[in-house]
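Asker: This is the structure, below, for whatever I ask next.
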Amino acid sequence: MPLNIKPCHLRAARDYVGRYHRHSIPPVGGKFAVACYDGDRLCGVAICGRPVARYLDDGLTLEILRCCTDGTDNACSKLYGACCRIGFDMGYDRIITYTLASETGASLLAAGFTFDGIAGGQVWTGQRHRDYYVAPAEWKHRWMKRRAGVKP
């Protein structure tokens, strides 16, 4: 059965991420969320919002904050593609997201993203140290997709 993308309330997407994401907690905010269905079965969600890194928050960059699926084949790349189409339709010039260094990024490559470098984040730093964050202590990989025709 083909996968279908449908709108999703941010609260429902956050609940899904809270239950099923392997290593991340739900993001605090977001601009929009989409869901992926295999027939009538919800198989994944993606949440998009402003970039977490302040220097990337230029008004033209959208970050895919979470992509979480139950492992259904092609659900991640379907969600990434949908987020990009929506983001570009909203006027964003580039879409970014991050993976753990131990993850291959295959679904991002399938959705047209390119590797954009290694990002910090082995551990949480700053004044508001978060001891509840459960992501493994490893480097992150940043991925980016630009709107067609936009120069770097």
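The values are calculated or read from the model by the stated rules, or taken from the named source; none is laboratory data. Because the structure is a prediction, the values reported are computed rather than measured. Cβ placement follows ideal geometry from the backbone for every residue including glycine, while neighbour counts extend to all protein chains displayed.
Asker: Scanning for something surrounded by fewer than 21 Cβ atoms within 10 Å (Cβ to Cβ), touching a residue at least 40 places away in the same chain (Cβ under 8 Å), within 13 Å of the chain's Cα centre (by Cα) and closer than 24 Å to Gly120 by Cα, does region 48-71 turn up at least one residue?
Answerer: Yes; the residues of region 48-71 include at least one that is surrounded by fewer than 21 Cβ atoms within 10 Å (Cβ to Cβ), touching a residue at least 40 places away in the same chain (Cβ under 8 Å), within 13 Å of the chain's Cα centre (by Cα) and closer than 24 Å to Gly120 by Cα.
Asker: Going residue by residue through region 17-28, is there one that turns out to be more than 18 Å from Trp143 (Cα to Cα), of a type in the set (A, V, I, L, M, F, W, C) and touching a helix residue (DSSP H, G or I) at 6+ places or on another chain (Cβ under 8 Å)?
Answerer: Looking through region 17-28, at least one residue is more than 18 Å from Trp143 (Cα to Cα), of a type in the set (A, V, I, L, M, F, W, C) and touching a helix residue (DSSP H, G or I) at 6+ places or on another chain (Cβ under 8 Å).
Asker: Considering only residues of region 1-29 that are of a type in the set (Lys, Arg), assigned to a helix (DSSP H, G or I) and more than 14 Å from the chain's Cα centre (by Cα), which is surrounded by the fewest Cβ atoms within 10 Å (Cβ to Cβ)?
Answerer: Arg19
Asker: So if I check each of Gly39, Gly59, Gly44, Gly49, which one is of a type outside the set (A, V, I, L, M), in contact with a strand residue (DSSP E or B) (Cβ under 9 Å, 6 or more places away or on another chain) and over 21 Å from Gly112 (Cβ atoms)?
Answerer: Gly39
Asker: Right, Thr104: among the polar types (S, T, N, Q), in contact with a Gly (Cβ under 9 Å, 6 or more places away or on another chain), modelled with pLDDT of 90 or more and farther than 12 Å from Leu62 by Cα or not?
Answerer: no
Asker: Hey, another quick one. So Ala33 clears everything in (1) more than 16 Å from the chain's Cα centre (by Cα); (2) crowded, with 18+ Cβ neighbours inside 10 Å except one condition, right? Which one?
Answerer: (1) is the only condition that Ala33 fails.
Asker: Considering (1) touching an Asp or Glu at 6+ places or on another chain (Cβ under 8 Å); (2) at pLDDT below 95, say which one Tyr55 fails and leave the rest.
Answerer: Unmet for Tyr55, out of (1) touching an Asp or Glu at 6+ places or on another chain (Cβ under 8 Å); (2) at pLDDT below 95: (1).
Asker: Outside any strand (DSSP E or B) and either at negative phi or hydrophobic (A, V, I, L, M, F, W, C) (or both), is that true of Val52?
Answerer: yes
Asker: Has region 114-136 got at least one residue that is in a loop (DSSP other than H, G, I, E, B), modelled with pLDDT of 95 or more, under 17 Å from the mean Cα position of the chain (by Cα) and surrounded by 11 or more Cβ atoms within 10 Å (Cβ to Cβ)?
Answerer: no
Asker: Moving on. Which residues, counting only those in region 61-107, are among the charged types (D, E, K, R), in a helix (DSSP H, G or I) and over 22 Å from His23 (Cβ atoms)?
Answerer: If the condition is that a residue be among the charged types (D, E, K, R), in a helix (DSSP H, G or I) and over 22 Å from His23 (Cβ atoms), then Arg85, Asp89 are the ones that fit.
Asker: Could you grab me the full set of residues in region 31-47 that are more than 12 Å from Cys68 (Cα to Cα) and either at pLDDT below 95 or not in a loop (DSSP other than H, G, I, E, B) (or both)?
Answerer: Phe32, Tyr37, Asp38, Arg41
Asker: Restricting to region 36-47, count the residues that are under 11 Å from the mean Cα position of the chain (by Cα) and small (Gly, Ala, Ser).
Answerer: Residues in region 36-47 being under 11 Å from the mean Cα position of the chain (by Cα) and small (Gly, Ala, Ser): 1 in total.
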